Amino acid sequence: MNILLVDDSDFSLSLTKELIIQATDDSDICFLLAKDGDEAVHIFRDSKMGEIDVIFMDVVMPEKNGVTALHEIRTMDRPDSLTVPIVIASIRQTKS
């Protein structure tokens, strides 16, 4: 299984990765990491058809936000752009 994780926060990338590992029995997970929406769009566009099984993406990122990246992926001229599951969310980090 290939999962594309997209977030500008190293902490959030690590946390999401660990939560996915703990929630699944799949020992063959390959994580593709992107620091912003622009990088995510490039990774998806350059991937083989059906290579990416799911995308987890932050909303608030520099360069290109998650909503814009979601739109660009969904409007690509390839069949899997409409079927790949994309989970888009944002974790608000507060100062304590």
GNM top mover of Leu82, Leu19, Leu33 - the chain, alpha-carbon springs below 10 Å: Leu19
Exposed trypsin sites (Lys or Arg not before Pro) absent - longest run of the chain, DSSP non-H/G/I/E/B, at most 13 other C-beta within 10 Å: 1-47
Rel. contact order, % - alpha carbon contacts under 8 angstrom, at least six apart, the range 25-96: 34 percent
Residue among Asp53, Asp26, Asp80 with the largest mean-square fluctuation in a Gaussian network model of the chain, springs linking Cα atoms under 10 Å: Asp26
Accessible carbon and sulfur surface of the chain relative to its total accessible area, %, 1.4 Å: 54 percent
Val67/Thr24 FRET efficiency (R0 35 Å; Cβ-Cβ; nearest 0.05): 0.85
Pairwise label distance in nanometres, Thr83 with Asp46, each label 7 Å out on the Cα-Cβ vector: 2.5 nm
Given charges at beta-carbon only (K, R positive; D, E negative), |dipole| of the chain in Debye: 300 debye
Solvent exposure of the chain as accessible area per residue, Å², 1.4 Å probe: 63 Å²
Most mobile of Ser12, Ser47, Ser27 in a GNM of the chain (Cα contacts under 10 Å): Ser27
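The values are calculated or read from the model by the stated rules, or taken from the named source; none is laboratory data. Just so you know, these numbers come straight off a predicted model, no measurement behind them. Please note: Cβ atoms are built from the backbone with ideal geometry, for glycine as well, and neighbour counts cover all protein chains shown. Heavy atoms of the whole protein, side chains included, go into the accessibility calculation; ligands, DNA and RNA do not. Shrake-Rupley method; radii C 1.70, N 1.55, O 1.52, S 1.80 Å.
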